[in-house]
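Visitor: Sharing a structure below in structure tokens format, with a few things to ask.
Rule-based calculations on the coordinates, nothing more; no lab input. Only a predicted model underlies this, so the values are computations on that prediction, with no experimental measurement involved. When we count neighbours, we look across all protein chains shown, and the Cβ atoms used for this are built from the backbone with ideal geometry, even at glycine.
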Amino acid sequence: SMVEEFTELKSKFGIPRRSKILTQEGDLEDIDLVQNSRNVIVVTRGGYIKRMPLKTFENQGRGTRGKKGTSNGSNDASDDEVIHCFSCNDHDTLLMT
């Protein structure tokens, strides 16, 4: 049976743990596992919100129209109007009014 096999493996290969598990002060929170990178937040009049990494915004040449990063598929041009555009970090808390 499996119990006998595991008992045999334990007696054959079982040795005490050589590494020590130490407790540290303060536990890891979920936020500690998220990289704190720079982002751009774009909010349109129609309520569309988009978060993009800051490095996706490349320098544009003179006379260019820029990237179309705020299109939400709506045909109404007033809904596409950007009302807020700001940069922040992933760990920042934002309050929009």
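Visitor: Could I have the simple spin-label model distance between ASN89 and LEU9, label points 7 Å from Cα toward Cβ, reported in nm to one decimal?
Guide: Output for this residue pair reads 4.5 nm.
Visitor: Show which aspartates and glutamates lie in cross-link reach of LYS12 when reach means a straight Cα distance below 18 angstrom and same-chain residues fewer than eight apart are skipped.
Guide: By straight Cα distance, LYS12 reaches GLU4.
Visitor: About its Cα centre, what dipole magnitude does the stretch 1-58 give when the only charges are +1 on Lys and Arg Cβ and -1 on Asp and Glu Cβ, stated in debye to the nearest 20? Please report the intermediate quantities before stating the final value.
Guide: Values: 10 positive and 9 negative charges, 76 e Å.
Here the stretch 1-58 has a charge dipole of around 360 debye.
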